[in-house]
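The values are calculated or read from the model by the stated rules, or taken from the named source; none is laboratory data. Model, not experiment: these values are computed from the prediction. Cβ placement follows ideal geometry from the backbone for every residue including glycine, while neighbour counts extend to all protein chains displayed. Ligands, DNA and RNA are excluded from the accessible area calculation, which covers all protein heavy atoms including side chains. Shrake-Rupley method; radii C 1.70, N 1.55, O 1.52, S 1.80 Å.
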Amino acid sequence: MSDEDQLKALRKRIDQMMAKTIIAAQPHISQKYGQLFRRRNACFELFGFDVLLDNKLKPWLIEVNVACSLASSSPLDRLIKHFMMTD
């Protein structure tokens, strides 16, 4: 398997893990925003997922941040957050 294929497979595993996490928390999220807004889809929130990759490139969910910081402390951090926000 090429490096590109391995990267795509890793990204897919991480995406699936994130989707399952949001699905598991969906009742809590819906209740929280249902109390704040009458209309459905009236808001959005950024979640910060901390993922650890082991030596076999298996992703492990460490935590989900509901108040992730978009401030940057270095040029690399600024670049990464810029691409995340424009994506």
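For the reader, a short list of remarks on this structure follows.
- Number of residues in segment 70-85 that are more than 28 Å from GLN6 (Cα to Cα), without any contact (Cβ under 8 Å) to a residue 12 or more places away in the chain and either surrounded by 10 or more Cβ atoms within 10 Å (Cβ to Cβ) or within 13 Å of the chain's Cα centre (by Cα) (or both): the value is 1.
- Residue check for ILE22: at pLDDT below 95 and either outside any helix (DSSP H, G or I) or open to solvent by 90 Å² or more (accessible area, probe 1.4 Å) (or both): no
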